[in-house]
Amino acid sequence: QRGSVIREENARPGTRDWMLAKTGVDPATRYRSPRIEGFCSHASAKAGETVEFYVSTDPASAFTIDVYRLGWYGGDGGRFLRRIGPLQGTIQPDPPVEAKRLRNCEWQAAAQLEIPADWPSGVYVGKLTAERDGWQSYLTFVVRDDRRADILFQVSDFTWQAYNRWPDQFALYDDGEHEWYWGSGVQVSFNRPYGKYCQILDAPLSTGSGEYFLWEFPLAFWMESQGYDVSYISNLDTHRDGPGLARAKGLLSVGHDEYWTIEMFDNVQKAVRAGVSVGFFSGNAVCGRVVSEETT
């Protein structure tokens, strides 16, 4: 079945301006882009909720945030929604290394956005541009809804953070001695930018987007080109809202959906027993268990 919400959204004018044009990674860290980098207060939000944007520029520079929804849009891949700024950027402090190697940024919010009622569910990016020298990176969030839909597209942001080494080797995979560690005693936070994905060796055009552009966007791009009735959720939504999975006929695990909580596993099993189909379009799916220690 083809959903009118997605068909109507993708009939709107698209643009390719969502793509980054000037990026760079600090060679000393190999992963972060200190000239401009940022993150969001929420992994996902729905209409009427407010997302705060935390941004650091080093050296300090005025900057803009251009917000796009990603989809088909006649092959352009994104639709421009609004510009925030120019805003005055500052050098935000590097977080201390806490227990279990946790790096948790306590930055000052640079801007906030109340999700408009007419923004459909999807994966959204804020393209950050420093006015001083034109450097760019992304921040990323999901807009979710509560409507009945044929398909739920689950982004694998728990795994994005597991592999996120921002600012330098602080991933779930690094215990301070081994670059590819597997075990307990390591904790990672959503309160930090996504650095360059650690297994990508060329120009970091996806910096700040987790793994979405690398492994997940191609399927979303195709599904929206076909007009499938799709709604988007975060791993965190599957973790928090098991009953919400029943609003769809099917759930897709996409890309590199490796890390799940036991709550996610139990919620998906309950949804399957209730008649929801599940498709795993992913590698290493449900490979490792993580524990979510939410503070908000």
| message | Criterion first (closer than 30 Å to Pro243 by Cβ, assigned to a strand (DSSP E or B), open to solvent by less than 50 Å² (accessible area, probe 1.4 Å) and not aliphatic (A, V, I, L, M)) does Tyr138 satisfy it? | response | no
| said: Return the pair list, or none, for Cβ contacts closer than 8 Å from residues in the stretch 141-160 that are open to solvent by 10 Å² or more (accessible area, probe 1.4 Å) to residues that are in a strand (DSSP E or B) and aromatic (Phe, Trp, Tyr), at least 6 apart or on different chains. | reply: Arg144/Tyr232; Asp150/Tyr228; Ile151/Tyr228; Phe158/Tyr259; Phe158/Trp260
| task | Among the residues of the stretch 1-48, count how many are in a loop (DSSP other than H, G, I, E, B), out of contact with any Gly (no Cβ under 7 Å at 6 or more places or on another chain) and open to solvent by 60 Å² or more (accessible area, probe 1.4 Å). | result | 12
| query | Is it the case that some residue within the stretch 110-122 is surrounded by 13 or more Cβ atoms within 10 Å (Cβ to Cβ), under 22 Å from Trp260 (Cα atoms) and in contact (Cβ under 8 Å) with a residue 24 or more places away in the chain? | reply | yes
| field | Residues of the stretch 245-284 satisfying the condition of being of a type outside the set (D, E, K, R), surrounded by fewer than 18 Cβ atoms within 10 Å (Cβ to Cβ) and more than 16 Å from Arg148 (Cβ to Cβ) | value | Ile262, Phe265, Gln269, Val272, Val278, Gly279, Phe280, Phe281, Gly283, Asn284
| said: With of a type in the set (A, V, I, L, M), in contact with a His (Cβ under 9 Å, 6 or more places away or on another chain) and either within 28 Å of Ala162 (Cα to Cα) or surrounded by fewer than 16 Cβ atoms within 10 Å (Cβ to Cβ) (or both) as the only criterion, which of Val67, Val51, Val55 stands out? | reply: Val51
| field | the stretch 182-212, residues that are among the aromatic types (Phe, Trp, Tyr) and at pLDDT below 95 | value | Trp182, Tyr197
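The values are calculated or read from the model by the stated rules, or taken from the named source; none is laboratory data. As the structure is a computational prediction, the values presented were derived from the model and not from experiment. Using ideal geometry, Cβ is built from the backbone for each residue, glycine included, and neighbour counts are taken over all protein chains shown. Just so you know, the surface numbers come from the protein's heavy atoms only, side chains and all, with ligands and any DNA or RNA stripped out. Shrake-Rupley method; radii C 1.70, N 1.55, O 1.52, S 1.80 Å.
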